[in-house]
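I have placed the structure first, in the form of structure tokens, so that the comments after it can refer back to it.
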Amino acid sequence: MDAVTRTKRDLVIANRILAMNDVLDAYGHVAMRHPTDPKRYFCARSLSPAIVEEDDIVEYHLDGPPVHDEKRPLYLERYIHGGVFEKRLDIQASLHSHAEDVLPFSISKTTKLRAVIHTIGEIGDGVPTWDIRDKFGDGTTLLVTNMAQGRDLATCLDCNRMALMRGHGFVAVGRTINDLVRMAVYIPRNARVQMNAMRMGDYVALSPGEIAARQALDPEAPAMKRGWEFWAKEAGVGHLLD
């Protein structure tokens, strides 16, 4: 199988897994960098992640236009991925989610989203929040609809693995697609655990050393890929693993 076909199939798997785990709703999306051309990436056409097929995957230039003539509607917020891939040459996959368990942390003035469970140390110690209003005023819909906004969001993300988007959702990135999907599945779960712990009183977050140890793990080690394989079969796309 050639690298482009493998990338497209992995992207279908990612869409299905993230939809099944309520990370992506009807309007979220996930993208992968082109395997041989870092100035291009793949993402689905404008379609709910739960029903994405291989033929729905579109190739894009970093600044947004599709590489090939495309008549089907495209995601308005594909500029999120273009901005991130342009700035972060170290990452191969990105996603934009509206997971409701995470949203309260995007609007809180006092409480930060923290890594509190061991499977999520990759997000680091403190997640930045991007507010589109800071640079683009209060006349937007909060959607990222051009490269200026995508680049500004990528600047806020900086070297982190995740950034919240005020009142909107979050962006997350991965060294591989498996790395991103595994982390993303646990992001809303981590938010629920933190919220529940806050109701009980004081809570303990992961320490800097624990976070560093988690970030040092090989995302493609067999133990780290166990979820990818299980979730793919659970989502009905296990046949695309081969």
If Asp90 satisfies every condition in (1) out of contact with any helix residue (DSSP H, G or I) (no Cβ under 6 Å at 6 or more places or on another chain); (2) within 22 Å of Phe230 (Cα to Cα); (3) not hydrophobic (A, V, I, L, M, F, W, C) but one, which is the exception?
(2)
Selection status of Met200, among the hydrophobic types (A, V, I, L, M, F, W, C) and within 30 Å of Leu142 (Cα to Cα):
no
Does any residue in segment 112-139 that is within 13 Å of Val102 (Cα to Cα) come within less than 9 Å, Cβ to Cβ, of a residue that is of a type outside the set (A, V, I, L, M, F, W, C) and open to solvent by 80 Å² or more (accessible area, probe 1.4 Å) six or more places away or on a different chain, and which pairs are these?
Arg114/Asp125; Ala115/Asp125; Ala115/Glu210; Val127/Lys112; Thr129/Lys112
Do the conditions hold for Asp101, that is, is it within 22 Å of Gly201 (Cβ to Cβ) and either surrounded by 14 or more Cβ atoms within 10 Å (Cβ to Cβ) or touching a residue at least 24 places away in the same chain (Cβ under 8 Å) (or both)?
yes
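Can you name the residue in segment 107-126 that is assigned to a helix (DSSP H, G or I) and surrounded by 20 or more Cβ atoms within 10 Å (Cβ to Cβ) and, of all such residues, is farthest from the chain's Cα centre (by Cα)?
Looking at residues that are assigned to a helix (DSSP H, G or I) and surrounded by 20 or more Cβ atoms within 10 Å (Cβ to Cβ), I get Gly121.
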Selection from segment 76-90 of residues that are part of a loop (DSSP other than H, G, I, E, B), surrounded by fewer than 21 Cβ atoms within 10 Å (Cβ to Cβ) and not acidic (Asp, Glu):
Leu76, Arg88, Leu89
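The values are calculated or read from the model by the stated rules, or taken from the named source; none is laboratory data. Not measured: the values here are computed from a predicted model. In this analysis, Cβ positions are derived from the backbone assuming ideal geometry, glycine residues included, and neighbour counts consider all displayed protein chains. Surface areas here come from the heavy atoms of the whole protein model, side chains and all, with no ligands, DNA or RNA. Shrake-Rupley method; radii C 1.70, N 1.55, O 1.52, S 1.80 Å.
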